[in-house]
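Values in this text are rule-based calculations from the coordinates and carry no lab data. For clarity, every value in this text was computed on a predicted model and none was experimentally measured. When we count neighbours, we look across all protein chains shown, and the Cβ atoms used for this are built from the backbone with ideal geometry, even at glycine.
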Amino acid sequence: MSLKFSLNNIFLILNILFIVACGQKQESIVSETDLSTEVSPSSDTIPLSSDNVRDVLTDYAKNHPDSIAVISTRHGNIKVRLYKDTPLHRANFVRLTKSGFYNQGEFYRVVKGFAIQGGDSDNRTMKQTVYKIPQEFNRTHIHKKGALAMARYGDEQNPDKESSSHNFYIVQGEPVPLHEIRAWEEKHGIKYTPAEVKLYQTIGGEPSLDTEYTVFGEVIEGLDVVDKIANEPVDASSWPRQSVLHTIKMIE
């Protein structure tokens with residue numbers, strides 16, 4: 001994989017990881033009927049907005065310590081661990097999972113050698129409010145193969161690099177040569193540890209995304225399932241020709 005190819009991935013991100021479709025103008029994940037029965041809405045049910053997202057997710061994180069989820073697909077299961085040091089993203093993922101929102105999603109954009117993106121579907125009936133998650137960049141969480149991160153709008157629309165409310169992706173990537181790793185270090189103003197360099201050179205990943213998107217978890221079982229999804233035949237929009245539906249549940 002050349003540096004030119006990875007730089008081209010930056011353009012690809014505009015179509016793959018920037019949210020250009022799939023339910024941006026949506027309603028609450030809680031139905032009007034459900035809300036009417038709530039005497040005092042809690043962080044489990046209160047609709048999120050740009051004004052309350054940080055406070056609500058912070059409160060939710062304290063009451064829901066869950067950190068292990070299973071993403072089930074027709075190719076098998078992907079088990080992911082959510083990082084405790086990205087509490088807003090962890091809380092948001094857990095909240096959407098426990099509400100059943102992700103059970104109406106699918107992997108709707110797939111780019112072999114790069115990433116698989118899920119969370120939404122054209123057939124979704126369960127809606128949610130429009131909000132973004134404040135970015136939680138953490139230098140220790142890189143886009144190695146199996147990294148779980150949130151998509152987002154591009155910098156022009158989103159200078160604070162806040163994350164999507166629900167669209168996530170899992171990195172597939174490819175082994176990265178040393179000269180390319182050094183080039184991304186210079187571009188992003190970071191210095192990878194020897195262990196991180198080895199990870200990128202061996203299992204692979206996508207260093208072009210580091211410092212650009214919030215990584216909030218990683219695959220701990222099922223990388224072979226990620227590879228199978230990444231190998232799905234796709235149309236001109238990178239949408240799998242045969243739907244790859246997913247359901248998600250928290251198990252710990």
Filter the trypsin sites (Lys or Arg not before Pro) in the range 162-206 down to the DSSP loop ones having no more than 15 other Cβ atoms within 10 Å, then list what survives. Lys191
Sort all Cα-Cα distances of the range 171-246 into consecutive 10 angstrom bins from zero, then give the percent of pairs in each bin up to the one containing the longest distance. 16, 41, 31, 12, 0
Quick one: Debye curve from the alpha-carbon atoms of the range 98-173 only, equal weights, vacuum; give me log10 I(q)/I(0) at q = 0.13, 0.24, 0.26 Å⁻¹ to two decimals. -0.44, -1.25, -1.31
5 Å is the cut-off here: which amide hydrogens, built 1.01 Å from N in the peptide plane, fall below it relative to Asp120, excluding neighbours closer than 5 in sequence? Glu106, Tyr108
Using the count of nearby Cβ atoms within 10 Å as a rough guide to exposure, how do Thr140, Thr211 rank from fewest to most? Thr140, Thr211
How do Phe114, Phe137, Phe216 line up, fewest other C-beta atoms within 10 Å first? Phe137, Phe114, Phe216
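For the residues Arg152, Arg74, Arg81, what sequence is obtained by ranking on other C-beta atoms within 10 Å, fewest first?
Arg74, Arg81, Arg152
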